[in-house]
Each structure stands twice: as structure tokens, then as C-alpha cells.
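Chemist: Following this message is one structure expressed as C-alpha cells.
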Amino acid sequence: MLNAVVTALVIIINFILQSTVLRLIEIRGVIPDTMIIITVSYALLRGQDTGAAAGFFGGLLYDIFFGSSLGFYALMGFLTGYLAGICHRNFYRENFILPVTLSVVANLLTGLVIFFTGFLLNNNYDVLYYLIGVIIPQSVYTGVAAIVVYRLLYSVNNRVEKKEKEHRRLF
């Protein structure tokens, strides 16, 4: 129960910060996608189900507030969390390389899917500009931010797991 409450709070706080405060650290119009980092982190720390749920609800928030249709970002977040969670069992939690790498790859793939579904259907064929000007810089920026965000989520997750173990021992 505590895991679900903490995850929901992290997603809501991240949504607020990403839509307000993170705009202050944008570089050439690009900000890190911290929702992908959180989705990948929870998928690696807690498994496919939690990663898929975190991605779904984070994407649903984006759909409700910024999307033109309901469900697109929720589906993208769900798939990102589910696919990143495949590595959960064979993952050494203290290793920061895999979360950073998966965050970069997930951001690249998500950016390409958004381009092909959104821009390409509107007859915008300038894929090279979008790839070099938006997708790659955002992926690199997300990778750099993933180091900090994963480290923070790792410590929060350890504290939550410790509290839950203490609570289980009482009963």
C-alpha cells in the first residue's frame, strides 16, 4: 500500500515539476523527460507491473492536460514500463548504467513514434531536422537527468521497502 501511495506522489510531483520548474532549465527548447526516467526506474526497481502502471498513469496525466487525444501517451508509458521491466530480474539495483541507457533508448523510441504518428500523418517529412533538433538532444538530456533522478528514486524505494518490511514484522 505504501508503495502505491509513494509512486502516485512521485508521479504527481514529477508532473507538476516537469510542466513548471523544469522549463527553467531548458536548453535550446529541450527539457529532460523525467516521466520516462521514473517509468524506467520503477520498472527496474519493482518489476513490469509497477513500471507499466507508473507509465500508464503518468502518460494519462499528460493526455488529460496536454494531449489532443486520450490514451496515446498512456499507451506509450505503459509499453515503456512493461518493456523496461523485462530487465528487472537480472538487474543489479546499484548499477546506474542500465537505467540511464534504457531511459535514453526509451526516449529515442518514444520520440520516433511521436514523430511518425503525429508529424508524418500531417505531411511533415522533415525527419532529419526533428531527429537532430529535438529527439537526440532530448534523449541525451534525459540520460544526464536519469543519473540524478534514478539515484533519488533508488533511495526513496529503499526507504519504502524498509518501512514495509518493518510493518510486516509487526504482524
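Chemist: Spot the failing condition for ASN107; the list is (1) out of contact with any Ser or Thr (no Cβ under 9 Å at 6 or more places or on another chain); (2) modelled with pLDDT of 95 or more, and only one is missed.
Modeler: (1)
Chemist: Give the residue that is farthest from PHE116 (Cα to Cα), with candidates limited to residues of segment 46-95 that are aromatic (Phe, Trp, Tyr) and surrounded by 15 or more Cβ atoms within 10 Å (Cβ to Cβ).
Modeler: Step by step, filter segment 46-95, then rank; the result is PHE91.
Chemist: For GLU26, work out the one condition from (1) without any contact (Cβ under 8 Å) to a residue 60 or more places away in the chain; (2) buried (at least 18 other Cβ atoms within 10 Å of the Cβ) it doesn't fulfil.
Modeler: (2)
Chemist: Same structure again: So PRO32 ticks every box in (1) more than 25 Å from ARG159 (Cα to Cα); (2) assigned to a helix (DSSP H, G or I); (3) of a type outside the set (A, V, I, L, M, F, W, C); (4) within 13 Å of the chain's Cα centre (by Cα) but one. Which box is left unticked?
Modeler: For PRO32, the exception is condition (2).
Chemist: Sticking with this one: Just the residues that are within 22 Å of PHE91 (Cα to Cα), surrounded by fewer than 16 Cβ atoms within 10 Å (Cβ to Cβ) and of a type in the set (Val, Ile, Thr), please, taken from segment 123-155.
Modeler: VAL144, ILE147, VAL148
Chemist: Whether any residue in segment 15-22 is free of Cβ contacts under 8 Å to residues at least 12 places away in the same chain and assigned to a loop (DSSP other than H, G, I, E, B) is what I want to check.
Modeler: The answer is yes; a qualifying residue exists.
Chemist: Taking the criterion of being in a helix (DSSP H, G or I), of a type in the set (A, V, I, L, M) and surrounded by 15 or more Cβ atoms within 10 Å (Cβ to Cβ), would at least one residue in segment 163-171 satisfy it?
Modeler: No: segment 163-171 contains no residue that is in a helix (DSSP H, G or I), of a type in the set (A, V, I, L, M) and surrounded by 15 or more Cβ atoms within 10 Å (Cβ to Cβ).
Yes or no, residue by residue, for (1) within 24 Å of VAL113 (Cα to Cα); (2) of a type in the set (A, V, I, L, M); (3) part of a helix (DSSP H, G or I):
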position: TYR129; (1), (2), (3): yes, no, yes
position: SER139; (1), (2), (3): yes, no, yes
position: VAL148; (1), (2), (3): no, yes, yes
position: LEU153; (1), (2), (3): no, yes, yes
position: ASN157; (1), (2), (3): no, no, yes
position: GLU161; (1), (2), (3): no, no, yes
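Chemist: All but one of (1) of a type in the set (S, T, N, Q); (2) within 21 Å of VAL6 (Cα to Cα); (3) in contact (Cβ under 8 Å) with a residue 40 or more places away in the chain hold for SER155; which doesn't?
Modeler: Status for SER155: all satisfied but (3).
Chemist: Suppose the filter is at pLDDT below 95, within 23 Å of ALA8 (Cα to Cα), out of contact with any helix residue (DSSP H, G or I) (no Cβ under 9 Å at 6 or more places or on another chain) and not small (Gly, Ala, Ser); does ARG168 pass it?
Modeler: Answer is yes for this residue.
Chemist: Within segment 32-70, which residues are closer than 16 Å to ILE16 by Cβ, touching a helix residue (DSSP H, G or I) at 6+ places or on another chain (Cβ under 7 Å) and aromatic (Phe, Trp, Tyr)?
Modeler: PHE57, TYR62
Chemist: Of the numbered conditions (1) assigned to a helix (DSSP H, G or I); (2) of a type outside the set (A, V, I, L, M); (3) farther than 23 Å from LYS163 by Cβ, ASP49 satisfies every one except a single condition; which is it?
Modeler: Condition not satisfied by ASP49: (3).
The values are calculated or read from the model by the stated rules, or taken from the named source; none is laboratory data. Values in this document were obtained by computation on a predicted structure and should not be read as measured data. Because the Cβ atoms are built from the backbone with ideal geometry, glycine has one as well, and the counts that use them run over all protein chains shown.
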